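Since every read-out is calculated from the coordinates, none of them should be taken as a lab result. Just so you know, these numbers come straight off a predicted model, no measurement behind them. Positions of Cβ are backbone-derived with ideal geometry, glycine not excepted, and every protein chain shown enters the neighbour counts.
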Amino acid sequence: MDIQAEKLHLIKWLADINEPSVIKLFVDLKKEQEADWWDTISVDERADIEEGLSQADRGELIPHDEVMAKYDKRRSK
């Protein structure tokens, strides 16, 4: 299957479609393919991210090098 030829065939076919319901299907498919990562994560993950952003806004930060030192497995041996 030549993917470029198939895409051109689909483009030509889509250009000739005049049925709004079929166009809507393609628009919905496009939106689904372009889903925002935020919409794909769990409620718990969103809450954790929002809490982290709130902590950062309050200045409750841990320097990167401290975090790396804590979790660097090479140093814990």
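Compute the normalised compactness of the chain: alpha-carbon radius of gyration over 2.2 N^0.38 Å, N being the residue count.
2.06
Mind giving me the nanometre distance, one decimal, between the label points for residue 41 and residue 53, set 7 Å out from Cα along Cα→Cβ?
0.9
In deg cm²/dmol, rounded to 500, what helix-only [θ] at 222 nm does the chain give when every DSSP H run of at least 4 residues adds -39500 (n - 2.57) and the total is split over its residues?
Rounded to the nearest 500, the figure is -20500 deg cm²/dmol.
Ranking 9, 64 by Cβ neighbours within 10 Å, fewest first, what do you get?
Listed from fewest to most nearby Cβ atoms, that is 64, 9.
Report, in debye and to the nearest 20, how large the dipole of the chain comes out about its Cα centre when Lys and Arg carry +1 and Asp and Glu carry -1 on their Cβ.
In debye, rounded to 20, the chain gives about 420.
How much length would be gained if the chain were fully extended between residue 61 and residue 10, taking 0.36 nm per residue of separation minus their Cα-Cα distance, in nm to one decimal? Don't skip to the end; give the middle numbers.
Working: separation 51, 0.36 × 51 = 18.36 nm, distance 5.13 nm.
Here the answer is 13.2 nm.
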